[in-house]
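Written out below as structure tokens is the structure these notes cover.
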Amino acid sequence: MTVPAVRCTGLRHAFGDTVAVDGLDLEVRRGEVFGLLGPNGAGKTTTIRMITTLLPAPPEAITVLGRDVARQRTAVRRLIGYVPQQLSADGTLTGRENVMLFARLFDVPRRDRRTQVDAVLDAMDLTEAADRSAKTYSGGMVRRLELAQALVSAPQLLVLDEPTVGLDPVARDGVWDRIAAIRAATGMTVLVTTHAMQEADEHCERIALMHRGRIRALGTPAELKAEIGPAATLDDVFRHNTGDALTTENGGMRDVRAARRTAGRVG
Amino acid sequence: MSVLPVAPPAASADTEPGPLRLVRTTLSRIGTMCLVELQKLRHDRTELVTRAVQPALWLIVFGQVFTRIHAIPTGSTPYLDFLAPGILAQSALFIAIFYGIQIIWERDAGVLSKLMVTPTPRVALVAAKAFAAGVRAVAQAVVVLILALVLGVSLTGNPLKLLGVVVALMLGSAFFCCLSITIAGLVLSRDRLMGIGQAITMPLFFASNALYPVELMPGWLQVINHVNPLSYEVDALRGLLVGTEATITLDFGVLVVAAAFMITVASALLPRLSRG
Ligand SMILES: Nc1ncnc2c1ncn2[C@@H]1O[C@H](COP(=O)(O)OP(=O)(O)OP(=O)(O)O)[C@@H](O)[C@H]1O
Ligand SMILES: [Mg+2]
């Protein structure tokens, strides 16, 4: 039996009285593009933050490629490339310096650093802009720069939290095309969250629908649609599983603020 | 598309790093963050100038006036010479406190999360930030010292002493940067931190020997002065730069212990900060 890329068992996390993740079971297979979908406040980011060691998880609750996240933090971090929900590149550095920083932080050997940095910048079509300050980048370019930062350490699991939120349709396609190309070139596992149904339908091999801290539906986009009925779209699946959650009764100020922040450029 | 780096099949060591590994990683991360700080400085040199305005005012206005009226007895040392190291420490203090405040912005922008998902122990991350603040403080100090020279302050040219100045500034900045990260980890919000940052920097400055000799202070202030790491930083800077009598060994001892202590406290609070 092969080890799954990610396995979560009975995962739970509460912020005070708010239960963000409530008994979540999840298995991401090696090499697939897996989409975690859900409305604002569903608990997607919280789940991602637990998988990436940013929030504490109890022993045995999460494994990443067979390593226990609670006990082998450093090893797990080495395996992960992470792009958070906000646009998080450093605007006071150039694109190349941003990527070089992460090459150093992941202990990429000195002799490989330059070639590896050049390779990921090139793969993200940023070679020309590489020596410009990241302040001058468009939202789509910043996202690609962040992908380059996440990829420079040759991770086995790429974790992307809403990689296309706040981007225009062309930039969105640009990001998804790069993700597909990375996967084709390296075979790495991609775990991505989004609330854009259509994007998930087009680009994810398997999807988990999350609502109020739990997985409500799981399968390939085709399977999920077939369950609802002929000619159903993923939007229908979404509505079926979350009620009228699309009106975001669950998403408070905090979520709206986070989304706004994401939409802005880097400072 | 060019060839992307592909992960080696067997990942490296799966066990958590031991103490030796921790020290090596910490040193390496400090180097990395200091380098990044230099890169940032290179991109934005104007900041060095704008941030020199305040110390310049202190030296030119306050310093010149008080030198002329001989209001503060500083023995055989001209008041301006006495004051210059104090102002140097003050500008380093402001930079370090601000650097700590910046971590809240980094948290809100997701930068901190990204740094925390690298194989970098918390303590190494905090130490790296702390000494990067020091790099900025030293760069600022160069500007302030040139200004002091122009104003006629006689400063040492001894390279060893100047190296000592750099070390004192780095240690002092590390302490104050981590003090402000610690407060950030306690209050968690940028607005509250800004208020507290402002509320503590001036008292730290006035309750130190930066502006006046210890002997002139009332008893209660002398007590505060004795537990204020800024005073030890100023004492070391003054002794090294203008050759006043100083307890250099004690000064460096206090600065090393204070910095190490504050780095430890700040790294314990870092997870709380990133979660909040
Ligand atoms: N640091 C925090 N403190 C308190 N509550 C939080 C915190 N982070 C998230 N929450 C709450 O936990 C719940 C889940 O939030 P989470 O960010 O995981 O949702 P999400 O699915 O990522 O939503 P979005 O699509 O808006 O990004 C929400 O109700 C949110 O308000
Ligand atoms: Mg989210």
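The values are calculated or read from the model by the stated rules, or taken from the named source; none is laboratory data. Treat the numbers as computed from the prediction; the structure is a model and nothing was measured. Glycine gets a Cβ as well: all are built from the backbone with ideal geometry, and neighbour counts include every protein chain shown. Keep in mind that these areas ignore ligands, DNA and RNA; they rest on the heavy atoms of the full protein, side chains included. Shrake-Rupley method; radii C 1.70, N 1.55, O 1.52, S 1.80 Å.
With +1 on each Lys and Arg Cβ and -1 on each Asp and Glu Cβ, and nothing else charged, work out how big the dipole of chain B is about its Cα centre, in Debye to the nearest 20.
Numbers: 19 positive and 14 negative charges, 134 e Å.
Result for chain B is approximately 640 debye, rounded to the nearest 20.
Excluding residues on the same chain fewer than 8 positions from residue B:40, give the aspartates and glutamates whose Cα lies under 17 Å from its Cα.
Leaving aside aspartates and glutamates fewer than 8 places away in the same chain, those within reach of residue B:40 are A:90, A:97, A:131, B:106.
Write down the Kirkwood hydrodynamic radius of region B:15-135, to one decimal in angstroms, obtained as one divided by the mean of 1/r over all alpha carbon pairs.
Working: mean 1/r = 0.0584 Å⁻¹.
Evaluated on region B:15-135, it is 17.1 Å.
Taking a cut-off of 18 Å between Cα atoms, list the lysines near residue B:161, but don't count ones fewer than 8 places away on the same chain.
Output for residue B:161: empty list, no partners.
Can you put A:240, A:211 in order of accessible area, largest first, using a 1.4 Å probe?
Values: A:240 130, A:211 15 Å².
From most accessible down to least: A:240, A:211.
Would you kindly find the accessible area of residue B:69, with a 1.4 Å probe and non-protein molecules such as ligands, DNA and RNA excluded, rounding to the nearest 10 Å²?
Accessible area, nearest 10 Å²: 100 Å².
What does the charge count near residue A:35 come to, summing +1 for each Lys or Arg and -1 for each Asp or Glu among other residues with Cβ under 15 Å from its Cβ? Kindly include the intermediate steps, with their values, before the conclusion.
On the way: positive: A:29, A:44, A:172, A:183, A:206, A:216, A:225; negative: A:27, A:32, A:161, A:162, A:199, A:201, A:202, A:205, A:223, A:235.
Net of charged neighbours comes to -3.
Which order do B:233, A:227 take when ranked by solvent-accessible area (1.4 Å probe, heavy atoms of all protein chains), largest first?
A:227, B:233
State the answer as a single residue: which of B:74, B:167, A:56 lies farthest towards the positive end of the charge dipole of the protein assembly as shown, with beta carbon charges of +1 for Lys and Arg and -1 for Asp and Glu, about the Cα centre.
Comparing the listed Cα positions along the dipole, B:74 ranks first.
What are the ³J(HN,Hα) values, in whole Hz, obtained from phi via the Karplus relation 6.51 cos²θ - 1.76 cosθ + 1.60 with θ = phi - 60°, for each residue of region B:49-63 in sequence order, with x given for Gly and Pro?
Once rounded to whole Hz, the list reads 6, 4, 6, 8, 4, 5, x, 4, 4, 4, 5, 6, 7, 4, x.
Please give me the summed charge of the neighbours of residue B:22: other residues whose Cβ is under 14 Å from its Cβ, Lys and Arg +1, Asp and Glu -1. Kindly include the intermediate steps, with their values, before the conclusion.
Numbers: positive: A:73, B:21, B:24, B:29, B:122; negative: A:107, B:16.
Cβ neighbours under 14 Å give a net charge of +3.
Tell me which of A:86, B:258, B:48 sits at the most positive position along the dipole axis of the protein assembly as shown, charges placed on C-beta atoms (Lys, Arg +1; Asp, Glu -1).
Checking the options against the dipole of the protein assembly as shown, the answer is B:258.
Counting only protein heavy atoms and rolling a 1.4 Å probe, how much accessible area do B and A lose on contact, total for both sides, in Å² to 100?
Working: alone 14130 and 12730 Å², together 22870 Å².
Separately minus together, B and A give about 4000 Å² buried.
Per residue, how much accessible surface does region A:11-110 expose to a 1.4 Å probe? Answer in Å², no decimals.
Numbers: 3130 Å² over 100 residues.
Computed with neighbouring chains in place, this is 31 Å² per residue.
With no solvent and one point per C-alpha, what does the Debye sum give as log10 I(q)/I(0) for the protein assembly as shown at q = 0.06, 0.12 Å⁻¹?
-0.34, -1.09
Under a 1.4 Å probe, what is the accessible area of region B:6-78 per residue, stated in Å²?
Numbers: 4740 Å² over 73 residues.
Result: 65 Å² of accessible area for each residue.
Dividing the convex hull volume of the alpha carbon atoms of chain B by its residue count, what do you get in Å³ per residue?
On the way: hull volume 45.4 nm³, N = 276.
In chain B, the Cα convex hull volume per residue is 165 Å³.
Please work out the Cα convex hull volume for region B:140-276 and give it in Å³ per residue. Could you put the intermediate results ahead of the total?
Values: hull volume 17.5 nm³, N = 137.
Convex hull of Cα atoms, per residue: 128 Å³.
State the answer as a single residue: which of B:196, B:111, B:234 lies farthest towards the positive end of the charge dipole of chain B, with beta carbon charges of +1 for Lys and Arg and -1 for Asp and Glu, about the Cα centre.
B:111
Does region B:143-188 come out rounded, prolate or oblate by the C-alpha gyration tensor, with a ≥ b ≥ c the root eigenvalues, rounded set by a/c under 1.5 and, if not, prolate when a/b is larger than b/c and oblate if not?
Values: a/c = 6.15, a/b = 2.31, b/c = 2.67.
Since a/c reaches 1.5 but b/c is at least a/b, the shape of region B:143-188 is classed as oblate.
If you roll a 1.4 angstrom probe over the protein chains with everything in place, what fraction of the accessible area of chain B belongs to carbon and sulfur, to the nearest %?
Details: 8460 of 12030 Å².
Result for chain B: 70 percent of the exposed heavy-atom area is carbon or sulfur.
Counting only the heavy atoms of the protein chains, how much of residue B:217 is accessible to a 1.4 Å probe, in Å² to the nearest 10?
Using a 1.4 Å probe on the heavy atoms, I get roughly 10 Å².
Heads up, I need the accessible area for residue A:27: 1.4 angstrom probe, whole protein in place, Å², nearest 10.
80 Å²
Which value, in debye to the nearest 20, gives the size of the charge dipole of the protein assembly as shown about its Cα centre, when Lys and Arg are +1 and Asp and Glu are -1 at the Cβ?
Working: 54 positive and 47 negative charges, 141 e Å.
In debye, rounded to 20, the protein assembly as shown gives about 680.
At a 1.4 Å probe, what is the % contribution of carbon and sulfur to the accessible area of region A:6-266? Intermediate values should be presented prior to the final figure.
Working: 4900 of 10390 Å².
Percent of accessible area from carbon and sulfur atoms in region A:6-266: 47.
Counting only other residues whose beta carbon sits under 14 Å from that of residue B:89, what net charge do I get with K and R as +1, D and E as -1?
With Lys, Arg at +1 and Asp, Glu at -1, the neighbours total -2.
Would you mind estimating how fast region A:6-266 diffuses translationally, via Stokes-Einstein at 37 °C and 0.692 mPa s with the Kirkwood radius over Cα pairs, in µm²/s?
Working: Rh = 18.8 Å.
The diffusion coefficient I find is 175 µm²/s.
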